[in-house]
Amino acid sequence: MVRVVFIAPFNMPVTMRFVSAVSELPDVQLALISQDPSAALAPELRQRLAAHYRVEDALDVKQLAPAVQAVGKQLGGIDRLLGTLEQLQVQLGQLRDHFGIAGMGEATARNFRDKAQMKDVLRAAGVPCARHRRITSHAEGWVFARETGFPLILKPPDGAAAKGTFRVTDAQGLQAALNALQPSPEHPAVAEEFVTGLERSFETVSIRGRAVWDSSTRYNPAPLHVLENPWIQWTVLLPRETETSDTQAVRPYARAALEALGMTTGISHLEWFRRDRGRAGTSDSGGPVAISEVGARPPGAQILSINSYAHDVDFYKLWARLIVHEVFDPPRRRFAAGAAFFRGQGGDPRTARRVVQVHGLEQAQKELGNLVVEARLPQVGQPRADTYEGEGYAILRHPDTEVVEQALQRLVGLVRVELG
């Protein structure tokens, strides 16, 4: 029997899919630590838990330590300590180190979480990435801008999903970004060269540091562009073809990056650019590939669900077996699949708080309904979303990659979510 503790701050639907997948393993005792009460859990999941502990702040390691100790006593020990949230990875490492639990420790977790440290490690290993610098003052930001020129990127070192990230195109924008981030020795920021090109993701399954499977998705447009323009609908596409020019271009660098950063067992999420040919030599990293960042946790943007539909297998259950038992059976890809994200448009951003109308669903159903395998459609009256995924999504699949690619673009062209 494997004794597992899962830390999930809130009962979010995607997070609960991971928790449920672990709970369904036949030889696991599972304890859950969260901010939500056990009564808020689905009854079938609650029945499968061996223990539950509620904390006020599930990102505070000082609160998590006594919680882990308490549920560990109930289980008779802890073999695995899990959590999928990006903002929780360092705390998980600290707790593993403190209690002697197998898995990624704090030092390795910081390689993935601290974006400046990550780039230092990658560049030392010869992995191509944008020029960068940790900045601790306004003056250091201006020095970096003079050295690299505009545009450039400013962001917190521990950001996630491009939140808090600024694309700076001129001196006025730089001043505004510095004023927002207020870099200091205690709260540094990261300045990066702005890389142009097509943005992709690259997911890798690793077992004890050895890569055993991978896949690559295509973003359209890039996530940062999406965040800068709240009205933009966007898509993620997983081709049916497992070997593409993308996978061949990035795989050697991705594996070198994971080795350098210290990936152990799990599914990692790497974001990268295929550089514009005309700008391939603008950075001292050179070449057609530039690694953006790497997360030592499963991807967001419905990528695991997309893989589930493309391979006709539940990737959440595959992840559970991987992370608990270090076992992974590579599935065969049978379809192309992708997600279209519907994001609210219109209205005054200061006052538009709810969905007031959804346009185009009837026509989209008529044209593309046969391709849809999962959907969470925007509903009139629902609150405005605060994430890059928007107010709803639909996942499509088909044996032909081109069919899915064209259908995704048609779908985001048809559906419009109106805010007010």
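Brief remarks follow.
- Among the residues of region 92-102, those identified as in contact (Cβ under 8 Å) with a residue 12 or more places away in the chain and surrounded by fewer than 23 Cβ atoms within 10 Å (Cβ to Cβ) are Q94, R96, H98, F99, I101, A102.
- Residues of region 131-143 that turn out to be crowded, with 20+ Cβ neighbours inside 10 Å and either closer than 12 Å to A171 by Cα or in contact with a Pro (Cβ under 7 Å, 6 or more places away or on another chain) (or both), as a count: 2
- Breaking point among (1) within 18 Å of Q87 (Cα to Cα); (2) open to solvent by 40 Å² or more (accessible area, probe 1.4 Å); (3) over 19 Å from the mean Cα position of the chain (by Cα); (4) not aliphatic (A, V, I, L, M), for F150: (1)
- Any chance Q379 is in a strand (DSSP E or B), farther than 24 Å from L237 by Cβ, touching a residue at least 24 places away in the same chain (Cβ under 8 Å) and open to solvent by 30 Å² or more (accessible area, probe 1.4 Å): no
- Residue in region 382-399 that is surrounded by the most Cβ atoms within 10 Å (Cβ to Cβ), counting only those that are of a type in the set (G, A, S) and within 11 Å of F341 (Cα to Cα): A394
- Hey, V55 among the β-branched types (V, I, T) and either over 26 Å from S305 (Cα atoms) or surrounded by fewer than 19 Cβ atoms within 10 Å (Cβ to Cβ) (or both) or not: yes
Residue by residue, here is whether (1) at pLDDT 95 or above; (2) among the aliphatic types (A, V, I, L, M) holds:
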| residue | (1), (2) |
| --- | --- |
| R333 | yes, no |
| G344 | no, no |
| T351 | no, no |
| V355 | no, yes |
| G381 | no, no |
| P399 | yes, no |
| A407 | yes, yes |
| L411 | yes, yes |
| G420 | no, no |
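- Yes/no for G105 being over 14 Å from A191 (Cα atoms), open to solvent by less than 70 Å² (accessible area, probe 1.4 Å) and in contact (Cβ under 8 Å) with a residue 60 or more places away in the chain: no
The values are calculated or read from the model by the stated rules, or taken from the named source; none is laboratory data. Since we're looking at a predicted model, the values are computed, not measured. Don't worry about glycine lacking a Cβ; one is built from the backbone with ideal geometry, like all the others, and counts go over all protein chains shown. Each accessible area value is taken on the protein alone, full model and side chains, heavy atoms only, with ligands, DNA and RNA left out. Shrake-Rupley method; radii C 1.70, N 1.55, O 1.52, S 1.80 Å.
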